[in-house]
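Engineer: Just passing along the structure, written as structure tokens.
The values are calculated or read from the model by the stated rules, or taken from the named source; none is laboratory data. Keep in mind that what you see is a predicted model, and the values were worked out from it rather than measured. No Cβ is skipped: glycine too gets one built from the backbone with ideal geometry, and neighbour counts run over all protein chains shown. Ligands, DNA and RNA are stripped out before the accessible areas are found, and what is left, the full protein with its side chains, is counted by its heavy atoms. Shrake-Rupley method; radii C 1.70, N 1.55, O 1.52, S 1.80 Å.
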Amino acid sequence: MADPKPVTTLKLRKMKEEGTPIVMVTAYDYPSAALADEAGVDMILVGDSLGNVVLGYDSTIPVTLDDMIYHSRAVNRAVKRPFVVTDLPFMTYHGSVDRALGHVARIMQEGGSKGVKLEGGREIAATVQAIVQAGVPVIGHVGLTPQSVHALGGYRVQGKSDAQILKLKEDVQALEQAGATAIVLELVTAEIAAEISRGLSIPTIGIGSGNGCDGQVLVFHDVLQYEAAPAAKRFVKAYANIGRDIREALTAYADEVRSRQFPAPEHAFHAVKPQEQNRTETVPAKDDSAAQSEEPGVLYGAGRPSSN
Ligand code: KIV
């Protein structure tokens, strides 16, 4: 059972020291974030992967700062315990440190997240340091950095050649020295990721980087196979098949609407109580007080729990 207190940067550092794995998952909307919180994850990333899995782009490059803020707000309305971090999208932390700081301010003030994540190593260390000095926790991200997909020549495993290994080690050192809270290692060979993790005092969070990292992150839609046609990925383990379940449920709904099985009498509001109606009309078989209530109570989902 996870400690119910909100997760802080100090807690993340303590988890590293104690060898307690950090659980991180992405989320992009209110119900997903609420369920992730209930499941006890430690960190939620409002990742720019939302470009691929929610907005239908073929990379993260078209994602805008406004997209990230919009989704961060929905996530933060739901979350009580996990530490929520939002990705700074493509080219929003380049140009000048002041420009980056302005964008970080918007994510914190409008999006409500507790920190930001930036892709890159030594080349962005000065920006990371300025953000940290402004009081904002930063998560680094090295290895496969999807915003640089074209420069990297595609989505490829990193840390295979000596030059790549040296660069990775220099990058994580620079991020740690700049004050990063943690570093995501994406698609780094397992041996190098483990070695990097042992050599840092801040936690590493791996994705496709083996079991030697201090924590793991996966994309929500990958964990659940929440897609029309999920792609097999070696580094992902799917714990459900929500895409298939949704398709089956919507097909059943469509069939029942077309055959007039739905809505049944218990799904409608009646001027005359069902038991007083003509006996030839079907009445609800089970005692389902919510379904039989003559007032809907809430519209559209469960609604956000009231704070009073
Ligand atoms: O955008 C994202 O979801 C990410 C994770 C894959 C680490 O950066």
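One line per residue, one yes/no per condition, for (1) in contact (Cβ under 8 Å) with a residue 12 or more places away in the chain; (2) over 30 Å from Thr189 (Cα atoms); (3) part of a loop (DSSP other than H, G, I, E, B):
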site: Val236; (1), (2), (3): yes, no, yes
site: Ala240; (1), (2), (3): yes, no, yes
site: Glu248; (1), (2), (3): no, yes, no
site: Asp255; (1), (2), (3): no, yes, no
site: Phe269; (1), (2), (3): yes, yes, yes
site: Val272; (1), (2), (3): no, yes, yes
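Engineer: For Ala180, indicate whether it is assigned by TED's automatic domain parsing to the domain that holds Val136 and either assigned to a helix (DSSP H, G or I) or within 18 Å of Pro21 (Cβ to Cβ) (or both). Talk me through it step by step, then tell me what you get.
Structural biologist: On the way: assigned by TED's automatic domain parsing to the domain that holds Val136: yes; either assigned to a helix (DSSP H, G or I) or within 18 Å of Pro21 (Cβ to Cβ) (or both): no.
So Ala180 fails the test.
Engineer: Failed condition for Ile192, given (1) within 16 Å of the ligand (Cβ to nearest atom); (2) more than 24 Å from Ile61 (Cα to Cα), with all others met?
Structural biologist: Result: Ile192 fails condition (1) only.
Engineer: I would also like to ask the following. Looking at this structure, is Gly215 assigned by TED's automatic domain parsing to the domain that holds Asp48 and in contact with a Pro (Cβ under 8 Å, 6 or more places away or on another chain)? First the steps, then the outcome.
Structural biologist: Numbers: assigned by TED's automatic domain parsing to the domain that holds Asp48: yes; in contact with a Pro (Cβ under 8 Å, 6 or more places away or on another chain): yes.
Yes, satisfied.
Engineer: So, of the residues in region 1-12 that are away from the ligand (no atom under 16 Å from the Cβ) and not charged (D, E, K, R), which turns out to be surrounded by the fewest Cβ atoms within 10 Å (Cβ to Cβ)? Talk me through it step by step, then tell me what you get.
Structural biologist: Going residue by residue through region 1-12, those that are away from the ligand (no atom under 16 Å from the Cβ) are 1-11.
If we keep only those that are not charged (D, E, K, R) too, we end up with 1-2, 4, 6-10.
Working: Met1: 4, Ala2: 13, Pro4: 8, Pro6: 13, Val7: 22, Thr8: 13, Thr9: 16, Leu10: 9.
So, considering only residues that are away from the ligand (no atom under 16 Å from the Cβ) and not charged (D, E, K, R), the one surrounded by the fewest Cβ atoms within 10 Å (Cβ to Cβ) is Met1.
Engineer: Would you mind stating whether Leu185 is within 27 Å of Ala27 (Cβ to Cβ) and either outside the structural domain of Leu45 (by TED's automatic domain parsing) or touching a residue at least 12 places away in the same chain (Cβ under 8 Å) (or both)?
Structural biologist: Values: within 27 Å of Ala27 (Cβ to Cβ): yes; either outside the structural domain of Leu45 (by TED's automatic domain parsing) or touching a residue at least 12 places away in the same chain (Cβ under 8 Å) (or both): yes.
Here the answer is yes, as Leu185 does meet what is asked.
Engineer: Also, I was wondering about something else. Checking Ala232 against (1) more than 16 Å from the ligand (Cβ to nearest atom); (2) touching an Asp or Glu at 6+ places or on another chain (Cβ under 8 Å); (3) within 30 Å of Leu250 (Cα to Cα), which test does it fail?
Structural biologist: It fails just one condition, (2).
Engineer: Could you tell me which numbered condition Gly121 fails, if it satisfies all but one of (1) more than 14 Å from the ligand (Cβ to nearest atom); (2) at positive phi?
Structural biologist: That leaves (2) as the condition not met.
Engineer: Give, as residue ranges, the helices (runs of 4 or more DSSP H) completely inside region 13-87 that count at least 1 residues that are assigned by TED's automatic domain parsing to the domain that holds Leu218, more than 16 Å from the ligand (Cβ to nearest atom) and surrounded by fewer than 23 Cβ atoms within 10 Å (Cβ to Cβ). Before you say what the answer is, go through the steps one by one.
Structural biologist: On the way: elements: 30-38, 50-53, 65-78.
The helices (runs of 4 or more DSSP H) meeting that bar are 30-38, 65-78.
Engineer: Over 30 Å from Ala231 (Cα atoms), open to solvent by less than 100 Å² (accessible area, probe 1.4 Å), modelled with pLDDT under 95 and not hydrophobic (A, V, I, L, M, F, W, C): is that true of Pro284 in this structure?
Structural biologist: Values: over 30 Å from Ala231 (Cα atoms): yes; open to solvent by less than 100 Å² (accessible area, probe 1.4 Å): yes; modelled with pLDDT under 95: yes; not hydrophobic (A, V, I, L, M, F, W, C): yes.
Here the answer is yes, as Pro284 does meet what is asked.
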